[in-house]
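Below you'll find the structure, written out as structure tokens, and then a few comments.
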Amino acid sequence: MSGGGGQRGTRPVAALVPDLMDRSRIEATGRVAGVSVLFLHDTAELRALGADAAGLVIIDLDAPGALSALSELGAVRTLGFASHVERDLLAAASAAGCGEVVSRAVLFRRLPALLASAPIEP
């Protein structure tokens, strides 16, 4: 797992995002927002993520095994994304229990607000 520093008192945002350009955009937005983003390398790390380890988990639904891992995440706040043309994949993610499913364009448009709303530790 890799990530950067973040605002004290917040749980990091975890992200399973294999695409380097998408990772870079998420990391830069997190840095500006003062939110730590913990990048996961694969679904094994995603499955091992504890429910209290992150305030939000962002998942690229095109990542190998992402859909099957969703059902194992429990009460973690999840946001899955994929291309807007991948309607079946987006619907399957909702059916698999992903908390919110959006297109890639919507994710990056809303990312600053999403990161700002990552839950604070009790």
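Things worth noting here:
- FRET efficiency, 1/(1 + (r/R0)^6) with R0 25 Å, evaluated for PHE108 and SER71 via beta carbons: 0.45
- The shape of region 9-107 comes out oblate: with a ≥ b ≥ c from the C-alpha gyration tensor, a/c is at least 1.5 while a/b does not beat b/c.
- Length available on full extension from ALA116 to ALA28: 0.36 nm per residue minus the Cα-Cα distance, which gives 30.3 nm.
Computed from the coordinates by the stated procedures, all read-outs in this text should not be read as laboratory data. Because the structure is predicted, anything quoted here is derived from the model rather than measured. Using ideal geometry, Cβ is built from the backbone for each residue, glycine included, and neighbour counts are taken over all protein chains shown.
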